[in-house]
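Have a look at the structure below before the remarks.
Read-outs throughout are calculated quantities, based only on the coordinates presented, and are distinct from any laboratory measurement. Owing to the predicted nature of the structure, the values given are computational and were not obtained by experimental measurement. Here the Cβ is made from the backbone with ideal geometry for all residues, glycine too, and neighbour counts use every protein chain on show.
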Amino acid sequence: MEIIFKIWKSIFTISNVKPVKIERFKCQLYGKLILLVLSSAIMFKIRNELLHKEQLEASEIKSAEIIKQYIEKIYLNLIKIPSKVDSVLIEISNCIKKNGRKSHRKGQKTFFEILGVLHNYQEKTCRFAS
């Protein structure tokens, strides 16, 4: 959860607000919230697909930065040529696959490796009633 707020603040700059009328502020706030929901949905879907299909763990921060670079292209295609959105999403997925890998420290297990070990251990020790 902490990483998500860090992404919102540093990458999508939700903390930068200029003094404006309340109506304009509400409009900007709703726009940013829509942007955050759209970006987060794309990020989590692509990360999930890469994890299940490629066994590749993508970084949340790197993925968000890549999606932010493509957000204008997504918006323009949604408005003008909705059929091209798929190609943009594939392009984003390929970019995250290439440049968005999660960095690992030498000798330390990743979160998913720890969960896998735990899951395997529980399967071996638990007996199910027949």
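With Rg and the Kirkwood Rh both taken from Cα atoms, where does Rg over Rh land for region 15-89?
A ratio of 1.07.
Taking 20 Å as the cut-off for C-alpha to C-alpha distance, list the pairs among 26/68; 9/80; 53/98; 68/109 that go past it.
Those over the limit are 26/68; 9/80; 68/109.
Compute the distance in nm between two label points, each set 7 Å from the Cα along the Cα-to-Cβ direction, one at residue 17 and one at residue 72.
Placing both labels 7 Å along Cα→Cβ, they lie 2.6 nm apart.
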